[in-house]
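To start, the structure under review is shown below, and the notes come after it.
The values are calculated or read from the model by the stated rules, or taken from the named source; none is laboratory data. Worth saying up front: this structure is predicted, and the values here are computed from it rather than measured. All Cβ positions, glycine included, derive from the backbone under ideal geometry; neighbour counts span all protein chains shown.
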Amino acid sequence: MKILVLGSGAREHAIILALRAEQTEHEIFVSPGNAGIAADATTVSVDMLDGGAVTAFANEHAIDLVVVGPEAPLVAGVADALRERGIPVFGPGKAAAQLEGSKAFAKRIMDSAGVPTGRAVRAATVAEVEAAFDDLGAPHVVKADGLAAGKGVIVTSDRAEALAHAEQYLPAGPVLVEEFLSGPEVSLFFLSDGDTVRALSPAQDFKRALDGDAGPNTGGMGAYSPLPWLAEQFGSEHDFVAQVTRDVALPVVRQLDAEGTPFIGLLYAGLILTPAGVRVIEFNARFGDPETQVVLPRLRTPLSELLFAAASGTLEDQPEPEFSNEVAITVVLASEGYPEAPQTGRPIEHLADAAAVEGVRIVHAATAGPDAPGGDLIATGGRVLNVVATASDFATARERAYDAIARISLEGAHYRSDIAARGGG
Ligand code: AMP
Ligand code: GLY
């Protein structure tokens, strides 16, 4: 297949590595990509937010499938432009992407579809925010409406801090104040063709910047898959996945279809397993980052077939995706100052040493260069690299990942040391 991938992060690199790992060879183009991705696909320069430009490129190069990585092109309507021209695209149109783009829209869809989620109040003024705090109690959860790359959310017992967060976002529009939900978090991905869904294997993301879930929320500092502890609560991973498919994914996909805005792409359910049952905390309209980096290495079914079936309305003909019994963990290497004020432009050294560790892949999130042959790669963003390790058990996967990440030099860089520390149970 000729495949065009849009995006530039570790998620897109992981998608491309999974496509490359298939027995069938594909011709893969990516825009804009990064220095690591460039080794695994042909990088091109197409404005990924411009539906006309992406469509023209796809036509010119006879692309069979476009895979949209990040949310911004989806919210900008790039998938609509491609679909109008009959080009198979994995990614929802602008209307269905509001599931991620607008927390208020997501709440409305969940209410209409009867999907279990926390109570939430839309507050447009400081007085309304305060009233919602009184009503819902502490800890306080405040969310900016709209895309904020995981940084628009605060969860705190400090009322003044929660209020200050709300005040920061209020000038741009109402915020959501949510009921605090307590319990372990699970990210579960569903492929959807607008009608049929197919679940992938669950993963857990570590959202806070520092060990022990301290520090600010980030885009994600690490992840692991599968989640063996799910079996204790639900009998098996399969039973858990079946329950969330029935109670969350299918009702949402049917609701969006009934509204004339079918969801074609990746439905990401962010879940909290509360003592009262599974609750949705958020939806995303694309693969999660960094969860994709641990889910896809375990996928045994050819990814291109699944994505193409979703894009072309034939998911029903596909068997359930199969996963290996191996475990996968990823640890994110972040620039100094991430997430508040990342320092970029610094050289990265000793990547080859890190990649030499058994079972380890280095997935690039924000890298560029080198400017000259033999020169260093440069860190260009907050989350720079993902070290992904697979093994037959968590202890070995952790050893491998941490051995590899310790070999990489990037001045001021930081990473969490407790990813999947309790992964095995
Ligand atoms: P979101 O962007 O909605 O995924 O929120 C980011 C993170 O904030 C989540 O992964 C949770 O760790 C936390 N969070 C969001 N909503 C809630 C909630 N209602 N109760 C507890 N924690 C939450
Ligand atoms: N890992 C969280 C996200 O992709 O939004």
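Comparison of Asp111, Asp80, Asp135, Asp50 shows that the only residue that is among the charged types (D, E, K, R) and buried (at least 18 other Cβ atoms within 10 Å of the Cβ) is Asp80. Scanning segment 222-236 for residues being surrounded by 15 or more Cβ atoms within 10 Å (Cβ to Cβ) and touching a residue at least 24 places away in the same chain (Cβ under 8 Å) gives a total of 8.
Against the numbered list (1) closer than 14 Å to Ala354 by Cα; (2) in a helix (DSSP H, G or I), Val387 comes up short only at (2). Screening the candidates Pro202, Pro216 for the property of being touching a residue at least 24 places away in the same chain (Cβ under 8 Å), within 13 Å of ligand 1 (Cβ to nearest atom) and of a type outside the set (Lys, Arg) yields one hit, Pro216. If you check Ala97 against the conditions, is it at pLDDT 95 or above, crowded, with 16+ Cβ neighbours inside 10 Å, more than 13 Å from ligand 1 (Cβ to nearest atom) and part of a helix (DSSP H, G or I)? Judged against the criteria, Ala97 is a match. Looking at Ile63, Ile37, just one residue is among the β-branched types (Val, Ile, Thr) and touching a His at 6+ places or on another chain (Cβ under 9 Å), and that residue is Ile37. With respect to Arg286, is the statement that it is within 16 Å of ligand 2 (Cβ to nearest atom) and among the basic types (Lys, Arg) true? Yes: the conditions hold for Arg286.
Looking across Val197, Val153, one residue alone is hydrophobic (A, V, I, L, M, F, W, C), in contact with a helix residue (DSSP H, G or I) (Cβ under 7 Å, 6 or more places away or on another chain) and closer than 24 Å to Val252 by Cα. It is Val197.
Conditions tested, residue by residue: (1) within 10 Å of ligand 1 (Cβ to nearest atom); (2) in contact (Cβ under 8 Å) with a residue 24 or more places away in the chain; (3) assigned to a strand (DSSP E or B); (4) of a type outside the set (D, E, K, R).
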position: Ala127; (1), (2), (3), (4): no, no, no, yes
position: Ala131; (1), (2), (3), (4): no, no, no, yes
position: Asp134; (1), (2), (3), (4): no, no, no, no
position: Ala162; (1), (2), (3), (4): no, yes, no, yes
position: Tyr169; (1), (2), (3), (4): no, yes, no, yes
position: Phe180; (1), (2), (3), (4): yes, yes, no, yes
position: Phe189; (1), (2), (3), (4): no, yes, yes, yes
position: Asp195; (1), (2), (3), (4): no, yes, no, no
position: Gly220; (1), (2), (3), (4): yes, yes, no, yes
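Just so you know, in segment 249-283 the residues that are more than 16 Å from ligand 2 (Cβ to nearest atom) and among the acidic types (Asp, Glu) include one that is farthest from Ser225 (Cα to Cα), and it is Glu259. When each of Asp247, Asp239 is tested for being touching a residue at least 40 places away in the same chain (Cβ under 8 Å) and either part of a helix (DSSP H, G or I) or surrounded by fewer than 19 Cβ atoms within 10 Å (Cβ to Cβ) (or both), the lone residue that passes is Asp247. From the list Asp289, Asp376, the lone residue that is under 22 Å from the mean Cα position of the chain (by Cα) and either within 16 Å of ligand 1 (Cβ to nearest atom) or modelled with pLDDT under 95 (or both) is Asp289. When the helices (runs of 4 or more DSSP H) confined to segment 268-361 are screened for residues that are buried (at least 23 other Cβ atoms within 10 Å of the Cβ) and touching a residue at least 12 places away in the same chain (Cβ under 8 Å), those reaching at least 2 such residues are found at 292-295, 303-311.
Summed over segment 138-176, the residues that are in contact with a His (Cβ under 7 Å, 6 or more places away or on another chain), crowded, with 19+ Cβ neighbours inside 10 Å and either at pLDDT below 90 or not small (Gly, Ala, Ser) (or both) give a count of 2.
Considering only residues of segment 192-229 that are at pLDDT 95 or above, of a type outside the set (Gly, Ala, Ser) and closer than 18 Å to Ile281 by Cβ, which is farthest from the chain's Cα centre (by Cα)? Taking the candidates together, the pick is Leu227. Filtering segment 56-77 to residues that are more than 22 Å from Tyr268 (Cα to Cα) and buried (at least 23 other Cβ atoms within 10 Å of the Cβ) leaves only Ala58. Condition test on Val186, is it of a type in the set (A, V, I, L, M), more than 16 Å from ligand 2 (Cβ to nearest atom) and crowded, with 18+ Cβ neighbours inside 10 Å? In short, no.
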